[in-house]
């Protein structure tokens, strides 16, 4: 089957087909795994050559994820598609936690808003959720894509 036969494939199968097509097109030594649960379809690519699918600051991976969301779900809402390569998302989430906690601590210490660097919507969502769990700061987003950033403010 190919992506042209997408009407016959479930969303997870379509994501798997899309990722396998990318791995083949890039001629990478990599494997893909797709899992579905909790309203999310996760596609993971592992192997020694996956850096080409990540790009600088995750730019290629973010573009793949954006396209996957549109292709797999046909622009529909409800489910989310997450794509990772070589554990990049986990490493990035660890960096975001540190950056978010530092901004929250600064906002509390100085009693003023702190702006984080611009980031994609998926990363802003992660930071919003992480800081909401802290309970001592509020967050909101400002600006227009692709320069949209998260603002952290003391409660």
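Brief remarks on what is shown
- Breaking point among (1) in a strand (DSSP E or B); (2) over 30 Å from residue 33 (Cβ atoms), for residue 147: (1)
- Condition check for residue 122 on (1) without any contact (Cβ under 8 Å) to a residue 60 or more places away in the chain; (2) surrounded by 14 or more Cβ atoms within 10 Å (Cβ to Cβ); (3) closer than 30 Å to residue 69 by Cα: one failure, at (1).
- Listed by position, the strands (runs of 3 or more DSSP E) contained in the range 10-109 that have at least 1 residues being surrounded by fewer than 18 Cβ atoms within 10 Å (Cβ to Cβ), modelled with pLDDT of 95 or more and outside the structural domain of residue 133 (by TED's automatic domain parsing) are 31-37, 40-46.
- Test set (1) loosely packed, with under 15 Cβ neighbours inside 10 Å; (2) outside the structural domain of residue 42 (by TED's automatic domain parsing); (3) over 27 Å from residue 50 (Cα atoms) - residue 116 fails condition number: (1)
The values are calculated or read from the model by the stated rules, or taken from the named source; none is laboratory data. Note that this is a predicted model, so its numbers are computed, not measured. Don't worry about glycine lacking a Cβ; one is built from the backbone with ideal geometry, like all the others, and counts go over all protein chains shown.
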